[in-house]
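Here's the structure, in structure tokens; my notes come after.
The values are calculated or read from the model by the stated rules, or taken from the named source; none is laboratory data. Only a predicted model underlies this, so the values are computations on that prediction, with no experimental measurement involved. Here the Cβ is made from the backbone with ideal geometry for all residues, glycine too, and neighbour counts use every protein chain on show.
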Amino acid sequence: MRHLLMTSLLMLAASVWAEPAIFSNADGAIRGYDPVSYFNQAQPVKGQPDITYDYMGATWHFANTANRDLFAGDPEKYAPQYGGYCAFGLSKDYLVPTDPQAWEIHQGKLYLNYSVPVLQTWRQDIPGYLNKSEANWKTKTLEQ
């Protein structure tokens, strides 16, 4: 019984500390777009295949080495929320891929959405959707 209890506690601790998944495809995290470009160029810019940085199990691409170095110095500042999954989809408790063109920086954080029409819906109640997304993201990261 004691062994079973210890095993259960270790599994619970491992799930609490599991890193959340990053939305990634063959092009890399967030479809190969440079996450820093959203902040310093106010637009998504496709990253270069030879300028990369590995973070949280995914390969991130950058338009230039300066952006890569900024990201490497503070990835939590530049990485999209919810691992790059759709902020609106997460409010409905779904992990949905995103379109790098459907983006918003809200209170200093990058959020991506499935499409531009979904982004427009999300913008109608950002605080309300974020409350739901935050709660669902916590549940999903605990499940891993």
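Return a yes/no flag: does the range 69-90 have any residue that is touching a Leu at 6+ places or on another chain (Cβ under 8 Å), assigned to a loop (DSSP other than H, G, I, E, B), among the small types (Gly, Ala, Ser) and within 19 Å of Ser24 (Cα to Cα). Yes, because at least one residue in the range 69-90 is touching a Leu at 6+ places or on another chain (Cβ under 8 Å), assigned to a loop (DSSP other than H, G, I, E, B), among the small types (Gly, Ala, Ser) and within 19 Å of Ser24 (Cα to Cα). The set of residues from the range 32-69 being surrounded by 21 or more Cβ atoms within 10 Å (Cβ to Cβ) and touching a residue at least 60 places away in the same chain (Cβ under 8 Å) comprises Tyr33, Pro35, Tyr38. Ala26 satisfies every condition listed in (1) touching an Asp or Glu at 6+ places or on another chain (Cβ under 6 Å); (2) at negative phi; (3) hydrophobic (A, V, I, L, M, F, W, C) except (1). Residues considered: Tyr78, Tyr129, Tyr85. Of these, the only one that is at pLDDT 95 or above, under 17 Å from Gln43 (Cα atoms) and aromatic (Phe, Trp, Tyr) is Tyr78. Residues that are aliphatic (A, V, I, L, M) and in a helix (DSSP H, G or I) within the range 91-116 comprise just one, Val116.
When residues in the range 70-104 are screened for being exposed (fewer than 14 other Cβ atoms within 10 Å of the Cβ) and within 13 Å of the chain's Cα centre (by Cα), 1 of them pass. Among the residues of the range 107-126, those identified as closer than 23 Å to Lys46 by Cβ, surrounded by fewer than 20 Cβ atoms within 10 Å (Cβ to Cβ) and in contact with a helix residue (DSSP H, G or I) (Cβ under 9 Å, 6 or more places away or on another chain) are Lys109, Val118. Give the residue that is surrounded by the most Cβ atoms within 10 Å (Cβ to Cβ), with candidates limited to residues of the range 127-144 that are among the basic types (Lys, Arg) and touching a residue at least 12 places away in the same chain (Cβ under 8 Å). The residue in question is Lys140.
Could you tell me whether Gly47 is within 13 Å of the chain's Cα centre (by Cα) and under 23 Å from Tyr114 (Cβ atoms)? So Gly47 does not fit the description; no.
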